[in-house]
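So the structure is just underneath, and the comments pick up after that.
The values are calculated or read from the model by the stated rules, or taken from the named source; none is laboratory data. Worth saying up front: this structure is predicted, and the values here are computed from it rather than measured. As a convention, Cβ positions derive from the backbone with ideal geometry for all residues, glycine included, and neighbour counts pool all protein chains shown. For accessibility, only protein heavy atoms count, side chains too; no ligands or nucleic acids. Shrake-Rupley method; radii C 1.70, N 1.55, O 1.52, S 1.80 Å.
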Amino acid sequence: MLAVTSVLSSLALYPVRTALRTGQLPVSGGHLLYFEQHGCPSGAAALFLHGGPGAGCNARHAGFFDPSFYQAVLFDQRGCGRSTPRGSLHENNVERLVDDIEALRAHLGFDRWEVVLGGSWGVTLALAYAARHPSRVGSLVLRAVCLMRRREISWLFGSSGGARRLLPERWDAFSSACGAVEDSPSDSGDGDDLQVLRWYAGAMAGDGPTGQTAASAWFGWEMSIFGLSSRLPAFDQRGRIWTWRPTAGHWTNEHGAILSAEQVEHSLVHGFEGRVATALAANGFPSATAAVQRAASAAGAAANAVANSASSAAERASSNMAASLASGKRSLGISTEQPAAQSEQNAPVPAASSPQDSATAAPQSAAERKPSTVSAQAVLTSHYSVNHAARPEDELLSCAPTLRSIPCIAVQGGNDLICPPVTAFELHKSWPEMELRIVHGAGHSMYDLQAEIIRATDAFRDIVRAARTATEHSAPK
């Protein structure tokens, strides 16, 4: 394990005790949503939106919120975790999920969510909800910025994507399950590089050995990238946290040194793939030397410059990383959002806390209900990836004018290979009022970023507390 881990995790999660309440909320399409509430019974409403899609929540996620101030609400989105029917694709889309968040708010009696924390896919959902219901959102905390655009989906699951260029041997293992489909469609000149993704979505939507084999290969690909994200060296060893401060109008590191906008953009956008490839090569990763050449070709001379500056840092960490990267001995869970190894398929469905919280979902046909032999998360992630690839490319970026009035802090891992930092940077360019914190040495895991996430929710806690105090003092005696 790299030495940076202790720095990235220096702020512990808040303690999580028994839930105040658990319940189930019936929504459209025969879905039954599981939710739970933690923290202060009279506290400010805080909502946690999990990623995946389909990863589900666990009680530990309430630890990102101060339990003396917040009432944290966790819920499993349609078709996953303890919501039922598990794996169902029926009426399972972002519009219905936004409806679900609003229905849950009304059901729990909150005027608004004082803070909404979304991670990865949860960022997409948080922004979609805030754009439709801006008056119901007091503030946003975004972790691992994902807008679910085609270019982001292509990065991870495309035959011409960056993940394939960086990890060609692992891509070959992933795509080999598809047989003849694995031939790169981008080579045919039609611009469509998502045929492998579509094959997986179709295979895992059905039951039987093919779906099970596909799910196994799917998680092998996702988790190998997820694990590497957290084990690459920090690009900037001198200043691990780069922050865009809207009030100041410039970037700084944690020591207060001002960074040029060009330097930041170079690291996060043009040179990202090159520096990651260089770090892989410096630590003996298979085929990484060729990946450096591919990345340099794709990114041009700018990528070479950043790759060269990153290589010295990578070489310093090579003695610690080489064995870990080569052997892949890190313990990984089945979910990219949960540290536990237990699958959401095996999680029990808790009983509702009171009769008014319980309901029975409408019976589902075989086509609407996903058999439990294939992970619901794999089914839902592939389903949403295929469908969002067909949506308008900058659908959420175009909502920036609506979002600008909502205070927001985004926290992004500088080495995130699932949601590369270019997306966070592009959101920042469209929404300069958003504070953006880049944590170098951190990957996709929320626990890589937990200190900055907690600082963000604490910051909004302090703002709300100060506003309440001011209101109390100004009230007539």
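Length gained on full extension, Arg455 to Ile258, computed as 0.36 nm times the residue gap minus the Cα-Cα distance: 68.8 nm. Magnitude of the charge dipole for region 64-155, about its Cα centre and with charges confined to Cβ atoms of Lys, Arg (+1) and Asp, Glu (-1), is about 320 debye. Ordered by 1.4 Å accessible area with all protein chains kept, Arg151, Arg143 run largest first as Arg151, Arg143.
Taken along its principal axes, the alpha carbon cloud of region 201-247 reaches lengths of 53, 27, 8 Å, longest axis first.
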